[in-house]
Amino acid sequence: MTTAKSTGTAKKAVHFGAGNIGRGFVACFLHNSGYEVVFADVNASLIDQLNAQPSYKVIEVGSQGTTESVITNYRALNSKTQESQLIDEIATADVVTCSVGPNILKFIAPVIAKGIDQRPKNMAPMAVIACENAIGATDTLAAHIKEPQNTAPERIDSMNERARFANSAIDRIVPAQDPDAGLDVKLEKFYEWVVESTPFKGYSPPSIEGIHWVEDLKPYIERKLYTVNTGHATAAYYGYNRRKSTVYDALQDREIHDEVTKALSNTANLITQKHGIDKKVQDDYVENIVRRISNPHLEDAVERVGRAPLRKLSRKERFIGPAAELAEHGKDCSALLDAAEMAFRFQNVEGDEESAELAKIMAAKSPDEVVKEVCGLQPNEKLYPKVVDIVKRVQADTSDE
């Protein structure tokens, strides 16, 4: 076991979301880079546990074995009941990060806005970095922060003096944890954390070991979302519909493995042509991704990986996003559409509210209404009729059951 580096410095980061990704990925990197980490979460029992326990372990697993690191030098605040303390911490933080889910960004924006507004004039701008599986998540968070109910309009122009907002792409598989794991987090050894450097013009980006700073983030975000997330979700939805228990089990099925490969061939064609990424480089990336999500040490239930189908079927997400671009250019997107059909069939899954909501929408609305509401597609888009046909087919099968 190795003990992660102690700090001995005044650097501070506030991280929203003390879940597995927050503790195991983001906070681990911040800790190793010498930051004191202040967790913010609404889960009272988790906050109490963090404050009562001075350390936890991050366990990295892979084909070459297992390594453990010990994380210390953190505190935790309840963002619901300790808002004033949290505002003070944000106001004097060097870095503010989050891993709360794209739909929760609007709820954490008000308190971050207050912290930014109270930042002392003698401090450099804080770095705000959203670590979410979504394109432009930090831009989304910044837009919520700048809404008039959160920040006075006359303070917007000078906000750049108090905070800089940088989009990021994160890539690391964090499976469901053992029930008795406590605060410890098990995850894969592989990681990628790419952050745009351009927002820090005039200042140095924050010193965080492991971040790859780039001027143009979009190729990295789309490559990750349309490869890792597309592949992972495709395996999960096919696995669920074919009664597999885990993603690992699903990928042992040759037919499902082939469907995942075909979907990633669709997205690879888009990624290489749109961003000028070498085909061999992308092919190697795809091969590595399939190997990673097939990791037997990271067995993950298909229900967990497939959760939130409404978000995953939305316009800018892992299926409809790349399929819509391919369709507009007359390129093959058939495997992505097949995977999207499997996602539409992910209904009324125990423990997943979105799958229940999807079932209600599919039962109550016409195919055209479903495609517009769920996928955000419009009739003038070439992909639109193809997805309407999918919805018709799923609705017909559901009504026959």
- Task: In whole Hz, with x marking every Gly and Pro, tabulate ³J(HN,Hα) for the stretch 86-100 from phi via Karplus 6.51 cos²θ - 1.76 cosθ + 1.60, θ = phi - 60°.
- Result: 5, 4, 4, 5, 5, 4, 10, 7, 7, 9, 10, 10, 7, 9, 10
- chymotrypsin sites (Phe, Trp or Tyr not before Pro) lying in DSSP loop within the stretch 31-85, provided at most 15 other Cβ fall within 10 Å: none
- 3J(HN,Hα) from dihedral phi, the stretch 319-333, Karplus parametrisation 6.51/-1.76/1.60, rounded to Hz, x for glycine, proline: 10, 5, x, x, 5, 5, 5, 5, 4, 4, 9, x, 9, 5, 9
- Query: Hey, can you rank 115-122, 257-264 by average C-beta count inside 10 Å, highest first?
  - Reply: 257-264, 115-122
- Hey, with R₀ at 45 Å, roughly what FRET efficiency would Q149 and A176 work out to, going by the Cβ-Cβ distance, to 0.05? 0.75
- Item | Efficiency of FRET between K121 and E353 - r from beta-carbon atoms, R0 41 angstrom, step 0.05 | 0.40
- Message: Could you derive backbone 3J(HN,Hα) for the stretch 168-179 from the dihedral phi with the Karplus parameters 6.51, -1.76 and 1.60 (θ = phi - 60°), listing whole Hz in sequence and x where the residue is Gly or Pro?
- Response: 9, 10, 10, 9, 6, 7, 10, x, 4, 9, 4, x
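Nearest 5 percent is fine: what portion of the DSSP beta bridges confined to the chain is antiparallel?
On the way: 12 of 43 bridges.
Counting DSSP beta bridges with both partners in the chain, the antiparallel share is about 30 percent.
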- Where does helix 334-344 land angle-wise versus the long Cα axis of the chain, in degrees 0 to 90, nearest 10? 70 degrees
- Search the structure for amide H atoms under 5 Å from the amide H of E196, placed 1.01 Å from N in the peptide plane, and list their residues when 5 or more places away or on another chain. N167, V214
- Using Cα pairs closer than 8 Å and at least 6 residues apart in sequence, work out the relative contact order for the stretch 194-309, in percent. 30 percent
- From the C-alpha gyration tensor of the stretch 232-365, square roots of 5λ in Å: 25, 20, 11
- Would you work out what percent of the accessible area of the chain, with all protein chains in place, is carbon or sulfur (probe 1.4 Å)? 47 percent
- Query: In nm, to one decimal, how far is the modelled label at E328 from the one at T398, with both set 7 Å along Cα→Cβ?
  - Reply: 2.8 nm
- Calculate the spin-label point distance for K360 paired with K201, positioning each point 7 Å from the Cα along the beta-carbon direction, and give it in nanometres. 4.6 nm
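Given just the C-alpha atoms of the stretch 191-234, how large is their convex hull per residue in cubic angstrom?
Values: hull volume 2.8 nm³, N = 44.
Hull volume normalised by residue count: 64 Å³.
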- Query: Pairing the Cα long axis of helix 353-364 with the longest principal axis of the chain, what angle in degrees results, from 0 to 90 and rounded to the nearest 10?
  - Reply: 40 degrees
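What pairs from K244/K274; K12/K121; K279/K372; K114/K201; K80/K360; K11/K146 go past 28 Å between their alpha carbons?
On the way: K244/K274 35 Å; K12/K121 17 Å; K279/K372 34 Å; K114/K201 24 Å; K80/K360 31 Å; K11/K146 26 Å.
From the list (K244/K274; K12/K121; K279/K372; K114/K201; K80/K360; K11/K146), the Cα-Cα distance tops 28 Å for K244/K274; K279/K372; K80/K360.
At most 14 other Cβ atoms within 10 Å and a DSSP loop assignment: could you name the GluC sites (Glu not before Pro) in the stretch 278-370 that fit?
Sparse-neighbourhood loop GluC sites (Glu not before Pro): E299, E350.
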- With the 8 Å Cα cutoff and a minimum separation of six or more residues, the stretch 47-154 has a relative contact order in percent of 23 percent
- Message: I'd like to know how the chain sits against the 2.2 N^0.38 Å rule of thumb: what's its Cα Rg over that expected value?
- Response: 1.00
- Message: With a cut-off of 8 Å between alpha carbons and a minimum separation of six or more residues, what is the relative contact order of the chain in percent?
- Response: 12 percent
- Task: Please give the per residue accessible area of the chain, computed with a probe of 1.4 Å over protein heavy atoms only, in Å².
- Result: 44 Å²
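The values are calculated or read from the model by the stated rules, or taken from the named source; none is laboratory data. Here the structure is a predicted model, which is why all the values come from computation and not from measurement. FYI the Cβ positions are ideal-geometry reconstructions off the backbone, even for glycines, and counts take in every protein chain you see. Surface accessibility is based on the protein's heavy atoms, side chains included, excluding ligands, DNA and RNA. Shrake-Rupley method; radii C 1.70, N 1.55, O 1.52, S 1.80 Å.
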